[in-house]
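Accompanying notes for the structure given below.
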Amino acid sequence: MRTILKRAAVAMAATAMIISSATAATAATQAAPSSGFDNWSCKPSAAHPEPLVLLHGLGGNGPGNYSYLGPYLAAEGYCAFTLTYGQATPAIPVGGTVSVVQSSAQIEAFIDRVRQTTGAAKVDIVGHSEGGFQSIYGPKVRGYAAKVAKVVALAPPTHGTSFGGLVSVGDYLGLRPLVDQVLRQFGCPACDEIIVGGSAVNRLTTGPIAQAGVKYTVIASRFDALVTPHETSFIRETGVRNEFVQDTCPLDPVGHVGLAFDPTVAQLVANALDPAHTSRVSCGYGPPL
């Protein structure tokens, strides 16, 4: 009799533990946010099933380049994540200067981490300047288009541009002394690869750029003084939407760097990410830099 009671007590305890664990797991699932910026407990909602990967410009870093757009997209209901790729040294928070090939491998690894952590099959990529180039380069050249649903590229130097225009993101973020230090100590392989005729540009533009299954939007500014001519950003292929900010808001003076900090552009990005539920854009004014 004592043995039977003992077994019954053990069974009851085990059952209680199972119920407790299941309840805790359910509570944890319910507590996981469905939006957030660099919140690794975020789980995408049914409305926005693809998490966002945000790619910064050359000479910048993820948290700084997306200090405005990241929280904005999180408030729109997305799980948004950023990284600082292409650092010459971890000691200096400036990215994008190493070889495009090396950076693109880091970006793909980060995309895999986001997919694994969130449980999403695909991500959407938003890239600015060199990050815009990487958002287009990776799916084609590294061949991970099957991991990407949408790309929104802000002033990417798709067909090449000048070195000076690429490091200006660091200028705007107050990182120029660090950028200069990196350039003195380590150089800038990416700068040579993304100029007109650069090796990365040639790899990207040889043959079709847009990949099957990926929806592309390229957003540029007519007042961009750094990526010129402005149309160098555009991908003139079927299935790609190319637009100037001024097509929607003619008086917005936003420049190259300012695209990542412009309320007008933020709304255009949100509409591109969710074309089935677009909102009318309220014109704002971005930094004319």
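The values are calculated or read from the model by the stated rules, or taken from the named source; none is laboratory data. As the structure is a computational prediction, the values presented were derived from the model and not from experiment. Note that each Cβ is placed from the backbone with ideal geometry, even for glycine, and that neighbours are counted across all protein chains shown. These area figures cover heavy atoms from the full protein model, side chains too; ligands, DNA and RNA do not enter into them. Shrake-Rupley method; radii C 1.70, N 1.55, O 1.52, S 1.80 Å.
What to note about this one:
- The single residue among ARG203, ARG184 that is closer than 26 Å to ARG241 by Cα, basic (Lys, Arg) and assigned to a helix (DSSP H, G or I) turns out to be ARG203.
- Looking across the stretch 159-181 at every residue that is aliphatic (A, V, I, L, M) and not in a helix (DSSP H, G or I), the one that is modelled with the highest pLDDT is identified as LEU175.
- Matching residues, the stretch 111-154, being open to solvent by less than 20 Å² (accessible area, probe 1.4 Å) and closer than 17 Å to GLY36 by Cα: ILE111, VAL114, THR118, ALA120, VAL123, ASP124, ILE125, VAL126
- Residues within the stretch 30-84 that are in contact with a Lys or Arg (Cβ under 7 Å, 6 or more places away or on another chain) and within 14 Å of PHE261 (Cα to Cα), tallied: 0
- All of (1) of a type outside the set (Gly, Ala, Ser); (2) surrounded by fewer than 20 Cβ atoms within 10 Å (Cβ to Cβ); (3) part of a loop (DSSP other than H, G, I, E, B) hold for ASP252 with one exception: (2).
One line per residue, one yes/no per condition, for (1) at pLDDT 90 or above; (2) within 27 Å of GLY138 (Cβ to Cβ); (3) open to solvent by 10 Å² or more (accessible area, probe 1.4 Å); (4) not in a loop (DSSP other than H, G, I, E, B):
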| site | (1), (2), (3), (4) |
| --- | --- |
| ALA27 | no, no, yes, yes |
| SER41 | yes, yes, yes, no |
| ALA47 | yes, yes, yes, no |
| GLY60 | yes, yes, no, no |
| SER67 | yes, yes, yes, no |
| PHE81 | yes, yes, no, yes |
| GLY86 | yes, yes, no, no |
| ALA91 | yes, yes, yes, no |
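- If you filter the stretch 29-39 down to residues that are modelled with pLDDT under 95 and of a type outside the set (Ser, Thr, Tyr), you find that the one that is most open to solvent (accessible area, probe 1.4 Å) is GLN30.
- Considered as a group, the residues in the stretch 265-289 that are β-branched (Val, Ile, Thr) and more than 12 Å from TYR68 (Cα to Cα) include one that is least open to solvent (accessible area, probe 1.4 Å), and that residue is VAL269.
- Annotation: SER104 fulfils all but one of (1) outside any helix (DSSP H, G or I); (2) out of contact with any strand residue (DSSP E or B) (no Cβ under 9 Å at 6 or more places or on another chain); the unmet one is (1).
- The single condition among (1) under 26 Å from VAL123 (Cβ atoms); (2) open to solvent by 20 Å² or more (accessible area, probe 1.4 Å); (3) of a type in the set (Ser, Thr, Tyr) that THR228 does not satisfy is (1).
- Within the stretch 211-225, tally of residues that are in a loop (DSSP other than H, G, I, E, B) and surrounded by fewer than 18 Cβ atoms within 10 Å (Cβ to Cβ): 4
- The stretch 255-264 - residue that is open to solvent by less than 10 Å² (accessible area, probe 1.4 Å), assigned to a helix (DSSP H, G or I) and not aliphatic (A, V, I, L, M) and, of those, farthest from THR228 (Cα to Cα): THR264
- When LEU173 is tested against (1) touching a residue at least 60 places away in the same chain (Cβ under 8 Å); (2) more than 20 Å from ASP224 (Cβ to Cβ); (3) open to solvent by 30 Å² or more (accessible area, probe 1.4 Å), only condition (2) is not met.
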